[in-house]
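**Q** First the structure, then my questions, so here it is.
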Amino acid sequence: MVDPVTGELRVIAPGHTFKSITEKLAGIVLTSHTPLGWWGGLVIAGGGVGLLGLAVTWLFLKGVGIWGITIPVAWGFAIINFVWWIGIGHAGTLISAILLLFKQSWRNSINRFAEAMTIFAVVCAGLFPLIHTGRPWLGYWLFPLPFTMNVWPQFRSPLLWDVFAVSTYATISVVFWYIGMIPDLATLRDGAKSKFGQFFYGMIALGWRGSVRHWVRYETASLLLAGLSTPLVLSVHTVISFDFAVALLPGWHTTIFPPYFVAGAVYSGFAMVITLAVPIRKFYHLEDIVTIRHIDNMGKVMLLTGLIVAYGYGMEVFMSWYSASHWEYFMMWNRMFGPMGWAYWVLITCNIALPQLMWIRKFRTNVALMFIMSFIVNTGMWFERFVIVVTSLLRDYLPSSWGTYKATRWDYATFIGTLGLFTFLFFLFIRLLPMIPMSELRILLPEAKIHPKGEPLPEAGD
Amino acid sequence: MPVQEGTYGLLAEFDTPSDLVRAAQAAYDSGYRRMDCYTPYPVEEAAAAIGFHRDNVSLICLIGGLLGVVAMFSLETWISVWAYPLNIAGRPYYSWPAFIVPAYEWTILYAGLSAAFGMLAANGLPQVYHPLFNAPNFRSGATSDKFFLCLESTDPKFDIAESRAFLEKHQPVSVVEVEY
């Protein structure tokens, strides 16, 4: 579907009107017919949630000893998964905020479910540091609360910065997502046939009626939230990289971490958007709204961020040589050729070598290949965090204190459980809430153009 | 508050945003002020036509952000210097560079919440009941594919017959009277 005028791929397939957009997208939510495939997916994902519940319950009963963490590898799967999930969330904010500021209107089709992805990813991410504390019932100690013991947090620690970064990120993401949804919820309220639907959407639409005065304030608030989310999203992964970079550990103590963590986050997040978008557009027949143009553009963003990440890896290797530090040099050698060296090469293959295929336009416009690529990239990004966490800790200064790391079945169960939780929440979201912003799509339609004032009205009276 | 009764206004329905903008501009030019347009997506031209150019959401957001940075930075300073001073490797109690990060996050948090809730408050939302929802055609189009102009009865220039005649001139799909 190439536009004959611009020569570019179209953002939305031709033929849509205000009405058809409403009917198609509101229909997905308002229909009383729930597809069987949706139930199937929900049940499978629900199994994951059950597994997570089991793993976490057992953890609370027995303690973190059921995980594979040891000394020296005291940060295992929990931190790897935390960073991986939070990173996935970042693409949602990038799409909804940064691309809005850059006036990339193609993002309108995908921003809502990318934002939902952000929120659900943050839910999964936030779980890990909490259960990793060992005594999660004391989790509230992380916040500066005036409780009776008069104990206050220590603000010079990056781990506490993390608390503020992640909690702010979660709050602002939810608010931005909800504010963006209000006009569409009003559309659902007005279209709902069932009493429950009218009541439910009526309450959460807050009485939105589309007054242009409201729209002006709404647009200002959206732009402000976008402008605020942009530095926020960059700061969140920067602060997470401080968890590592501020420590005086070879392999962690580097200044390249903040930018390369942020780029890696966006990289894996876009991969996850593709992982979600491809089955959804197929299942709900949204090929005319989430078009090849979107897949193509996301491929380009992944290519760019992938190269930034590759630069980060290159710099790490270079600095470990250039620093002339024996410990840095050994760490890098151990990372590449030590007992866990295979993980490094998996990471290089998945994150740097294979994604170069996305230089080819034919590859980027092939939905099936991009779907596979999204899995490859997210595998690579998971291994990146694995390599950073495990291989840096594995062998420290004294050979007598060297150790190894082997994840247990509970580590895997918790990780698979969060994948299930993420999918479960996502299934609920696409059934109950508008997953594609109708009000923003209407702006993209040719009908939305205001004709010049001088143009005579058809059959003008006077 | 006394129960309001009578006519809220006259609601004209249009098929295209261009028709709406033209009608709204004409209404403004002929002296109507208490009126509003209702559209399923932001139509900036319509807001400009009825003379609504500036909003104060940015100001609310700025105040919120300043509040956030002051609140967090003072909290950190108070805790680290007075309430619970901890000697961490001999670093100063007042380690302001370390305090920047949480203060920065709270600036964004307060500014974002102020922008979002300030926008809702300035819009008078949530407001689940509104007279316009009584109009038979409003809910079937205002959030989907129709464009509405409402001349409100509180406008000094408002007169049922005259205002209706005025709206009819602009080829609306329909003009209906809205009750409170």
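Here, each number is a calculation from the coordinates, and none is a lab measurement. Source: prediction; values computed, not measured. No Cβ is skipped: glycine too gets one built from the backbone with ideal geometry, and neighbour counts run over all protein chains shown.
**Q** I need A:313, A:267, A:329 ordered by Cβ neighbour count within 10 Å, fewest first.
**A** The fewest-first ordering by Cβ neighbours comes to A:329, A:313, A:267.
**Q** Let me ask something else about it. I want to check the label-to-label distance for residue A:154 and residue B:129. Put each point 7 Å from Cα in the C-beta direction and report it in nm to one decimal.
**A** With each label point 7 Å from Cα toward Cβ, the separation is 5.8 nm.
**Q** Rounded to the nearest 0.05, what FRET efficiency do residue B:140 and residue A:353 give with R0 = 60 Å and r taken as the Cβ-Cβ distance? Could you check?
**A** The computed FRET efficiency comes out at 0.60.
**Q** Also, I was wondering about something else. Is it possible to state the helix-based mean residue ellipticity at 222 nm for the protein assembly as shown, with each DSSP H run of 4+ residues giving -39500 (n - 2.57), the sum divided by total residues, to the nearest 500 deg cm²/dmol? What is it?
**A** Working: 20 runs with 366 residues, N = 642.
Only helices count here, giving -19500 deg cm²/dmol.
**Q** May I ask which residue of B:115, B:153, B:129 lies farthest towards the positive end of the charge dipole of segment B:99-180, with charges of +1 (Lys, Arg) and -1 (Asp, Glu) on Cβ and the Cα centre as origin?
**A** Farthest towards the positive end: B:115.
**Q** What length, rounded to one decimal in nm, is gained on full extension from residue A:199 through to residue A:409, with 0.36 nm per residue of separation minus their alpha-carbon distance?
**A** Numbers: separation 210, 0.36 × 210 = 75.60 nm, distance 4.50 nm.
Gain on extension, residue A:199 to residue A:409, equals 71.1 nm.
**Q** Kindly express, to the nearest 10 degrees and within the range 0 to 90, the angle between helix A:36-62's C-alpha long axis and the longest C-alpha principal axis of chain A.
**A** 30 degrees
**Q** Using alpha carbons only, how many angstrom separate the centre of segment A:295-326 from the centre of segment A:374-435?
**A** Cα centres, segment A:295-326 to segment A:374-435: 21 Å.
**Q** Would you kindly state how much longer the chain becomes between residue B:4 and residue B:48 on full extension, computed as 0.36 nm times their sequence separation minus their alpha carbon distance, in nm to one decimal?
**A** Here the segment from residue B:4 to residue B:48 would lengthen by 12.9 nm.
**Q** Which shape class applies to segment A:295-344: rounded if a/c is under 1.5, otherwise prolate when a/b exceeds b/c and oblate if not, where a ≥ b ≥ c are the square roots of the Cα gyration tensor eigenvalues?
**A** Here segment A:295-344 falls in the oblate category.
**Q** Counting only other chains, and only Cβ atoms inside 10 Å, what mean value do you get across the residues of A:166-176?
**A** 4
**Q** Where does the Debye-calculated log10 I(q)/I(0) of segment B:1-98 sit at q = 0.10, 0.11, 0.20 Å⁻¹, using only Cα point scatterers of equal weight, no solvent?
**A** Listed by q, the Debye log ratios stand at -0.57, -0.60, -1.03.
**Q** Can you tell me how segment A:217-348 classifies by the Cα gyration tensor, rounded, prolate or oblate, using a/c under 1.5 as the rounded cut?
**A** Oblate shape, in that a/c is at least 1.5 and b/c is the bigger or equal ratio.
**Q** Please give the contour-minus-distance gain from residue A:19 to residue A:255: 0.36 nm per residue of separation, less the Cα-Cα distance, rounded to one decimal in nm.
**A** Working it through step by step, the gained length comes to 79.7 nm.
**Q** OK, next. How large is the charge dipole for chain A, taken about the Cα centre, if only the Cβ atoms of Lys, Arg (+1) and Asp, Glu (-1) carry charge, to the nearest 20 debye?
**A** Dipole size: approximately 540 debye.
**Q** Sort the following peptides by mean Cβ neighbour count (other Cβ atoms within 10 Å, averaged over residues), highest first: B:138-146, A:340-348, A:108-116.
**A** So the peptides B:138-146, A:340-348, A:108-116, ranked by packing, come out A:108-116, B:138-146, A:340-348.
**Q** How large is ³J(HN,Hα), in whole Hz, for each residue of segment B:21-27 in order, when computed from phi with the Karplus curve 6.51 cos²θ - 1.76 cosθ + 1.60 and θ = phi - 60°, using x for Gly and Pro?
**A** So the J values, rounded to whole Hz, are 4, 5, 5, 5, 4, 5, 5.
**Q** Give me A:101, A:232, A:185 ranked fewest to most by other Cβ atoms within 10 Å of their Cβ, as a rough exposure proxy.
**A** Lowest to highest Cβ neighbour count: A:101, A:185, A:232.
**Q** Follow-up. Please give the peptides B:106-117, B:89-100, A:401-412, B:8-19 ranked by average Cβ packing (other Cβ atoms within 10 Å per residue), highest first, as a rough proxy for protection.
**A** Values: B:106-117: 24.6, B:89-100: 12.7, A:401-412: 15.0, B:8-19: 22.7.
Per-residue Cβ counts within 10 Å, averaged per peptide and sorted highest first, yield B:106-117, B:8-19, A:401-412, B:89-100.
**Q** Per residue of segment A:329-339, what does 6.51 cos²θ - 1.76 cosθ + 1.60 with θ = phi - 60° give for ³J(HN,Hα)? Whole Hz please, x for Gly and Pro, Karplus curve as stated.
**A** Going residue by residue, I get 5, 5, 4, 5, 4, 5, 5, 8, 10, x, x Hz, with x marking Gly and Pro.
**Q** Another question about this same structure. Would you please give the residues with an amide H less than 5 Å from that of residue B:9, counting only those at least 5 places away or on a separate chain, with H modeled from the backbone geometry?
**A** B:153, B:178
**Q** If I model a spin label as a point 7 Å beyond the Cα along the Cα-Cβ vector, how far apart are those points for residue A:283 and residue A:360 in nm?
**A** Placing both labels 7 Å beyond Cα along the Cβ direction yields 3.0 nm.
**Q** Once both axes come from the Cα atoms, what is the angle between helix A:367-386 and the longest principal axis of chain A, in degrees from 0 to 90, rounded to 10?
**A** 30 degrees
**Q** Okay, next question. Just tell me how shielded A:180-192 is by partners: mean number of partner chain Cβ atoms within 10 Å of each residue's Cβ, no decimals.
**A** 3
**Q** For a test of the definition: using alpha carbon positions, the gyration tensor, and the 1.5 limit on a/c, classify segment A:351-444 as rounded, prolate or oblate.
**A** oblate
**Q** Next question, about the same structure. Between residue B:169 and residue A:419, take the C-beta separation as r, use R0 = 56 Å, and let me know the FRET efficiency to the nearest 0.05.
**A** Step by step, r from the Cβ atoms, then E = 0.35.
**Q** Here's a follow-up. How well do other chains shield peptide B:17-23, expressed as the mean number of their Cβ atoms within 10 Å of each residue Cβ?
**A** On the way: counts 7, 9, 3, 2, 4, 5, 0.
For this peptide, the per-residue mean of nearby foreign Cβ atoms is 4.
**Q** Given the options A:397, A:345, A:325, identify the residue whose Cα lies farthest towards the positive end of the charge dipole of segment A:318-404 (+1 on Cβ of Lys, Arg; -1 on Cβ of Asp, Glu).
**A** Final value for the positive-end residue is A:345.
**Q** Another question, then. Taking θ as phi - 60°, what are the ³J(HN,Hα) couplings along segment B:42-47 by the Karplus curve (6.51, -1.76, 1.60), each to the nearest whole Hz, with x for Gly and Pro?
**A** x, 10, 5, 4, 5, 5
**Q** While we're here: Tell me, how many Å apart are the Cα centres for segment B:105-127 and for segment A:149-165?
**A** One Cα centre to the other: 26 Å.
**Q** Continuing with the same structure: Here is the link list: A:19/A:103; A:19/A:193; A:300/A:406; A:19/A:195; A:24/B:169. Which ones come out longer than 29 Å on Cα distance?
**A** A:300/A:406; A:24/B:169
**Q** Right, here's the next one. Please report the base-10 log of the normalised intensity I(q)/I(0) for chain A, using a Debye sum with one equal scatterer per alpha carbon and no solvent, at each q in 0.07, 0.12 (1/Å).
**A** Cα-only, vacuum Debye calculation for chain A: -0.40, -1.10.
**Q** Compute the FRET efficiency between residue A:445 and residue A:307 as 1/(1 + (r/R0)^6), taking r as their Cβ-Cβ distance and R0 = 35 Å, and round to the nearest 0.05.
**A** Details: r = 35 Å, r/R0 = 1.01.
Taking R0 as 35 Å, the efficiency between residue A:445 and residue A:307 is 0.50.
**Q** Going by how many other beta carbons lie within 10 Å of each one, how would you line up A:33, A:253, B:53, fewest first?
**A** A:33, B:53, A:253
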